[in-house]
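Note sheet for the following structure.
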Amino acid sequence: MKGPLFYAKILLFGEYGIIKDSKGLSIPYNHFKGGLKSFQCDTEDAEISNNEIKKFAVYLKTLDSNVVQFDHERLEADILKGLHFDSSIPQGYGVGSSGALVAAIYDRYAKDKITVLENLTRDKLMTLKKAFATMESYFHGNSSGLDPLNSYLSLPILIHSKTHVTPTGIPNQGQGKRAVFLLDSGHSGETAPMVKIFLDNMKETAFQQMLQNKFIKLTDACVDDFLSGNIKGLFKNTKALSRVVLGHFKPMIPLKFHQLWKQGIDTNGYYLKLCGSGGGGYFLGFTEDIDKAKTLLKDYKLEVVYHF
């Protein structure tokens, strides 16, 4: 059975800040994708996926029917036939592997679903976001719903606040040396423990003040700069944001990357930031000279996702 594909996502700006109402900007990343297949599992990965969907289906039965309803009979019948998610999206890398699965399950099994072909009013987008947040909480303990929303719509999403998101356009890619890239840490990370560290830190007044007065202000400025094409402002604010993250989000950055992070700031060769919750997976890099960044990071795997 052939079905629609659901893409990975990259949260360019907004990690952690969106929990406290910062702006955010999320874009689809079609290098990685996945889709549901409804036939007998023929690999170990397919069997693992089938078992995970089986457990997920049990959880979906517990959800408030006022938020989202499913055709449970059809889902259970397909699970028995070998339903699995055939995906190239790496798990624990901050690019939305669970979000793509959630979007795929909603698309195929939700009753009275909101489709991507509808006029997506603010109310409809928030209804979708709430349904996706409820579904994806199974995987992370707590979810904003943005990853599945991005994967489902396959459009860039501008997060204005917790209660206001809109599809948006982003500047066309150029052919210059300026770029956004993914830096592979070499191992996966887990979202829930990182979010717990963040929420524990939020109990400290000094951390709250830093978040509000530095992190969120810089995040909002980066979003505005990116969307308006203010390249000079973007790199100035991304550098400052990278410095703030290194200073205040160290548990989310593996120890061996602390010096690498600082090297980018000191040389102006690149500026790193978290891609998702951190702890492993990918980190996001911004550079005004991709060749220089590649030289400085020659021992690491880089993948360019956007050229300015």
Filtering GluC sites (Glu not before Pro) in segment 69-124 by DSSP loop and by at most 16 other Cβ atoms within 10 Å leaves Glu118
Links exceeding 27 Å between C-alpha atoms in this model, out of Lys55/Lys256; Lys54/Lys273; Lys273/Lys294; Lys55/Lys113, come to Lys55/Lys256; Lys54/Lys273
Rounded to the nearest 10 Å², the accessible area of Thr127 using a 1.4 Å probe with every protein chain kept is 70
Descending accessible area (1.4 Å probe), largest on the left, turns Leu101, Leu284 into Leu101, Leu284
Of Ile253, Ile231, ordered by accessible area with the largest first and a 1.4 Å probe, the sequence is Ile231, Ile253
For segment 205-308, averaging the sequence separation of alpha carbon pairs under 8 Å that lie six or more residues apart and dividing by its residue count, the contact order in percent is 19
Once normalised by the length of the chain, the mean sequence separation of its alpha carbon contacts under 8 Å that are 6 or more apart gives a contact order in percent of 23
On the accessible surface of the chain, probed at 1.4 Å with all protein chains in place, carbon and sulfur together account for a percent value of 49
Among (1) 69, 44, 42; (2) 50, 47, 36; (3) 58, 39, 38, the entry matching Cα extents along the principal axes in Å as calculated here is (3)
Taking a probe of 1.4 Å and leaving out DNA, RNA and ligands, the chain shows per residue an accessible area in Å² of 46
Per the charge dipole of the chain (beta-carbon charges, Lys/Arg positive, Asp/Glu negative, Cα centre), the residue among Ala192, His164, Met210 reaching farthest to the positive end is Met210
For His140, His248, His31, the accessible-area ranking with a 1.4 Å probe, largest leading, is His31, His248, His140
Among Lys9/Lys162; Lys129/Lys236; Lys20/Lys129; Lys124/Lys196, the pairs whose Cα-Cα distance exceeds 22 Å are Lys129/Lys236; Lys124/Lys196
Using a 1.4 Å probe on heavy atoms of the protein chains only, the accessible area for Phe235 in Å², nearest 10, reads 10
With +1 at each Lys and Arg Cβ and -1 at each Asp and Glu Cβ, the charge dipole magnitude of the chain around its Cα centre, to the nearest 20 debye, comes out at 860
To the nearest 20 debye, segment 50-100 has a Cα-centred charge dipole, built from +1 on Lys and Arg Cβ and -1 on Asp and Glu Cβ, of 120
With R₀ set to 22 angstrom, the calculated FRET efficiency between the beta-carbons of Leu117 and Gln40, to the nearest 0.05, is 0.10
Probe 1.4 Å, all chains present, heavy atoms only: Tyr152 accessible area in Å², nearest 10, is 20
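The values are calculated or read from the model by the stated rules, or taken from the named source; none is laboratory data. For clarity, every value in this text was computed on a predicted model and none was experimentally measured. Please note: Cβ atoms are built from the backbone with ideal geometry, for glycine as well, and neighbour counts cover all protein chains shown. Heavy atoms of the whole protein, side chains included, go into the accessibility calculation; ligands, DNA and RNA do not. Shrake-Rupley method; radii C 1.70, N 1.55, O 1.52, S 1.80 Å.
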